[in-house]
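Student: Submitted below is the structure of interest, expressed as structure tokens.
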Amino acid sequence: MRALPLLAPVHVLILGVIVLPAFYVVWLSLNASSFGRAPVFVGLQNYIQVLTDPAFRAALLNTVLLVVLAVHAEMAIGLGMALLFASGLPFRRFLLVTVLAPYAVSEVTAVVMWRFLFDPDAGPVTLALRALHLPTLDWSFTPSHALTLIGLLTIWLHLPFTFIIIYAARLAIPGELHEAARVDGASRWQIFRRVTLPLLAPAILIALLFRYIFAFRLFSEAWLLTGGGPARSTEVVAIYLYQEAFTFNAFGPAAATAWIMVAVSLLLAAGYVYLLRRQVAADAR
């Protein structure tokens, strides 16, 4: 009881910053509201409007494609890099700083850099690809190219997060396990499949969980790179929410979109937590 006065400021902060705004957004999602207009209760109409909106479905499809392809490509690259670093790579400390460097770059700066590098007319990467007679990314006009560039950018930005989680888990595996497997005559592939990968599974699931949630909320890369264009063809769910709230001043549908994003994130989290608990329970047997 004596600790309650000391904990009260933290509780008030959480209540004011998280709980009350969350309840306000729930209330807003159940009302039709805009500038200069009194809120009118409409129940679940905003949710129905969002879910039946072709623009939302297109944004959701773009988001799912980016999340599935980018996150799994990022996971594969991060896993390969972690195994490479753990194998005793020369100049490992210098390379580790290089790999982690993108995490120190702000998203705005990263987008400016990539816009310059992949400029369709004079970007260094574009000119190099043309010199090698390879296809270039005409991301300013072709939606599929723009989504590809957004995916590459988000992989580059967030790869350090995935890499460091898996690398730390790999370093925690006792070397005696690999040595025992080699003595028993196991090949490198068998050691990876039967020893390394099962022990890395909890770390991989945790990395996937966080990256799925973060990637589903992807906004800065797409907004700063394409603004959702051309013709809203590269919109993701977060950009759809932004457009509804601050372009069309439709606060009800925007709030409903926010809670749909929360629901999807919770479903993803529940699935991965279930898999993680099963993995931990299997290891405990």
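Taken together, the values in this text are just the output of simple stated rules run on the coordinates, not laboratory data. As the structure is a computational prediction, the values presented were derived from the model and not from experiment. Note that each Cβ is placed from the backbone with ideal geometry, even for glycine, and that neighbours are counted across all protein chains shown.
Student: Can you tell me the FRET efficiency between Phe94 and Ser265 if r is taken as the Cβ-Cβ distance and R0 is 45 Å, rounded to the nearest 0.05?
Tutor: Taking R0 as 45 Å, the efficiency between Phe94 and Ser265 is 0.75.
Student: Could you sort 63-74, 175-186 so that the peptide with the highest average Cβ count within 10 Å comes first and the rest follow in order?
Tutor: The packing order, highest mean first, is 63-74, 175-186.
Student: I've got another one for you. Would you work out the relative contact order for the chain, in percent, from Cα pairs under 8 angstrom that are 6 or more residues apart?
Tutor: Relative contact order comes out at 28 percent.
Student: Would you mind computing, in nm to one decimal, how far apart the modelled labels at Leu199 and Ala101 are, each placed 7 Å from Cα along Cα→Cβ?
Tutor: For the pair Leu199/Ala101, the computed spacing is 3.2 nm.
Student: Arrange the peptides 215-222, 236-243 so that the one whose residues have, on average, the most other Cβ atoms within 10 Å appears first.
Tutor: Ranked from most to least packed, the peptides come out as 236-243, 215-222.
Student: Let me ask something else. Note down the nm distance, to one decimal, between modelled labels 7 Å out along Cα→Cβ at Ala58 and at Thr109.
Tutor: 3.5
Student: While we're looking at this one, here's another question. Between Asn31 and residues 5 or more places away or on another chain, which pairs have amide H atoms under 5 Å apart, with H built 1.01 Å from N, and which residues are they?
Tutor: Under 5 Å from the amide H of Asn31 lie the amide H atoms of Val42, each far enough along the sequence or on another chain.
Student: Explain nothing, just compute: Karplus ³J(HN,Hα) = 6.51 cos²θ - 1.76 cosθ + 1.60, θ = phi - 60°, for every residue of the range 42-52 in order, whole Hz, x for Gly and Pro.
Tutor: Rounded to whole hertz, the list is 10, x, 8, 4, 5, 5, 5, 4, 5, 5, 9.
Student: Let me ask something additional. Taking the Cα centre of the range 75-174 as origin and charging only Cβ (+1 Lys, Arg; -1 Asp, Glu), how large is the dipole, in debye to the nearest 20?
Tutor: 420
Student: So, one more: Within the range 141-161, find all residues whose amide N lies under 16 Å from a label point positioned 7 Å from the Cα of Leu129 along Cα-to-beta-carbon.
Tutor: Zone members listed by number: 141-156.
Student: Distance between the C-alpha centers of the range 74-111 and the range 156-184? Whole Å please.
Tutor: After rounding, the separation between the Cα centres reads 14 Å.
Student: Could you compute the FRET efficiency for Val42 and His11, with r as their C-beta to C-beta distance and R0 at 35 Å, rounded to 0.05?
Tutor: 0.55
Student: So if we plug the beta-carbon distance of Ser187 and Tyr274 into 1/(1 + (r/R0)^6) with R0 = 35 Å, what FRET efficiency do we get, rounded to 0.05?
Tutor: Values: r = 33 Å, r/R0 = 0.94.
So, using R0 = 35 Å, E works out to roughly 0.60.
Student: Trp223: net charge of surrounding residues, Cβ under 11 Å, Lys/Arg +1, Asp/Glu -1, itself excluded? It would help to have the intermediate numbers written out before the result.
Tutor: Details: positive: none; negative: Glu107, Glu221, Glu235.
So the surrounding residues net to -3.
Student: Mind ordering 200-213, 100-113, 136-149 by average Cβ neighbours within 10 Å, highest first?
Tutor: In descending order of packing, they fall as 200-213, 136-149, 100-113.
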